[in-house]
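S.K.: Let me begin by handing over the structure; questions about it come next.
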Amino acid sequence: MALFEVEIYNELVKQAVQNDEPAEYSDDWADIRFIEVSARDEMDARRKILTKYPKDRGFIIRSISPA
């Protein structure tokens with residue numbers, strides 16, 4: 001297994017912050033977060049992250065790179 005660094009944010013939170021509206025998650029999710037995940041390859045890292053942070057809840061992966 002390799003270690004990958006994932007840049008992720010939440011587009012729905014970002015829009016809510018810009019419109020001064022409440023969001024489902026904390027306002028911190030409007031900004032990029034860096035999350036490390038152990039995975040076989042980049043596709044496995046993406047799958048693991050999207051399981052925990054799904055697209056249909058507003059999460060956007062900006063990049064995945066080896067840590």
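Quick note: the coordinates plus some simple rules give every number you see, no bench work behind them. Computed from a predicted structure; not experimentally measured. Methodologically, a virtual Cβ is constructed for each residue, glycine included, from the backbone with ideal geometry; neighbour enumeration extends over all protein chains shown.
S.K.: Between 21, 36, 11, where does the largest GNM mean-square fluctuation fall for the chain, given springs only between Cα atoms within less than 10 Å?
M.R.: 21
S.K.: Can you divide the C-alpha Rg of the range 20-67 by 2.2 N^0.38 Å and report the result to two decimal places?
M.R.: Taking N as the residue count of the range 20-67, the ratio is 1.26.
S.K.: Applying the Karplus parametrisation 6.51 cos²θ - 1.76 cosθ + 1.60 with θ = phi - 60° to the phi angles of the range 33-45, what ³J(HN,Hα) value in whole Hz is obtained for each residue in order, glycine and proline being reported as x?
M.R.: Couplings: 10, 10, 10, 9, 9, 8, 7, 5, 7, 4, 5, 5, 4 Hz.
S.K.: Excluding residues on the same chain fewer than 8 positions from residue 14, give the lysines whose Cα lies under 17 Å from its Cα.
M.R.: Excluding near neighbours in sequence, the set is 55.
S.K.: Given Cα pairs under 8 Å that are at least 6 residues apart, what percent is the relative contact order of the chain?
M.R.: It rounds to 51 percent for the chain.
S.K.: OK, next. So how far apart, in nm, are the two label points at residue 28 and residue 67 if each is 7 Å from Cα heading toward Cβ?
M.R.: 1.7
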